[in-house]
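Novice: What follows is a single structure, and I will ask about it in a moment.
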Amino acid sequence: MAREVPEGVNLKEIMSVLSWIKGSSLWNLHFCFGCCSTEIMATMMPRFDIERFGFVPADTPRQADVLVANGPISRKIVPRIQRLWAQMPDPKYLIVIGACPMSGGPYQGSYNIVTDIRDVLHVEPAAYIPGCPPNPEGILEAFIMLKNRIKEGSYGKF
Ligand code: SF4
């Protein structure tokens, strides 16, 4: 049974505060197999310092908001990435880094490499960061774009 909203409670404002909180503290889980990982590490180091924007590495998928995928996705690893994605609570977001997870990259056409990560997770990524590898500026920009869209309330639902 649906509960009534008490008089004087502005649900829209509550949602907007929740969106602001969510966008200000995005915990991310790294699913990294490829050389792009070094660029992600560089984004976390003092020069770019991604944590100052509220992006904190998560230790477990159960507390993660963003799955960061990079590197070639082999068919053998597909059940693991599907399990990690399933363990993440909603709302959750996917950021795809580098050519490998979005097209197979240099391994495109290999018998054991998935060409598009969407085929295994069945979700539209929040951001694609192209390149082989992309640079830390691009990775940082994608995270900030995601954060701003969540804060505006135009992305994700509570
Ligand atoms: S996109 Fe290029 S740099 Fe990134 S993991 Fe694939 S081969 Fe390595």
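Coordinate-derived values only; no laboratory data. Bear in mind the structure is a predicted one, so any value in this text is a computation, not a measurement. For neighbour counting, all protein chains shown are included, and Cβ atoms are generated from backbone atoms with ideal geometry for every residue, glycine included.
Novice: In which sequence would 40, 97, 14, 113 go, from the one with the fewest C-beta neighbours within 10 Å to the one with the most?
Specialist: In order of increasing Cβ crowding within 10 Å: 14, 113, 40, 97.
Novice: For helix 136-152, report the angle its Cα long axis makes with the longest principal axis of the Cα atoms of the chain; keep it between 0 and 90° and round to the nearest 10°.
Specialist: 20
Novice: Arrange the following residues from fewest to most other Cβ atoms within 10 Å of their Cβ: 122, 30.
Specialist: Ordered from fewest to most neighbouring Cβ atoms within 10 Å, 122, 30 come out as 122, 30.
Novice: Grab the DSSP H runs of the chain that are 4 residues or longer, score each as -39,500 (n - 2.57), total them, divide by all residues and round the 222 nm result to the nearest 500 deg cm²/dmol.
Specialist: -10500 deg cm²/dmol
Novice: On a 0 to 90° scale, report how tilted helix 78-87 is relative to the longest principal axis of the chain, with both axes built from alpha carbons and the result rounded to the nearest 10.
Specialist: With both axes taken from Cα atoms, the answer is about 10 degrees.
Novice: Picking from 129, 95, 77, which is most flexible by a Gaussian network model of the chain using Cα springs under 10 Å?
Specialist: Result for the chain, Cα springs under 10 Å: 77 fluctuates most.
Novice: Another question, then. For a quick check, take a GNM of the chain with Cα springs below 10 Å and name the residue from 46, 125, 57 with the largest mean-square fluctuation.
Specialist: Greatest mean-square fluctuation among the candidates belongs to 46.
Novice: Here is a further query. Over the Cα atoms of region 1-74, how large are the radius of gyration and the largest Cα-Cα distance (Dmax), in Å?
Specialist: Just the Cα atoms of region 1-74 yield Rg and Dmax of 17.7, 55 Å.
Novice: Viscosity 0.692 mPa s, temperature 37 °C: Stokes-Einstein D of region 24-152 from its Kirkwood Cα radius, in µm² per second?
Specialist: Diffusion coefficient, whole number: 225 µm²/s.
Novice: Amide H of residue 73 versus every other amide H placed in the peptide plane: which residues, excluding those fewer than 5 positions away on the same chain, fall under 5 Å?
Specialist: Here 114 satisfy the definition.
Novice: Cross-link candidates for residue 22: which lysines have Cα within less than 25 Å, leaving aside residues fewer than 8 places away along the same chain?
Specialist: 12, 92, 147, 151, 157
Novice: Something else now. Where does each of 88, 15, 44 land when they are ranked from fewest to most other beta-carbon atoms within 10 angstrom?
Specialist: 15, 44, 88
Novice: For region 94-158, go through all pairs of different Cα atoms, get the mean of 1/r, take its inverse, and jot down that Kirkwood value in Å.
Specialist: 12.8
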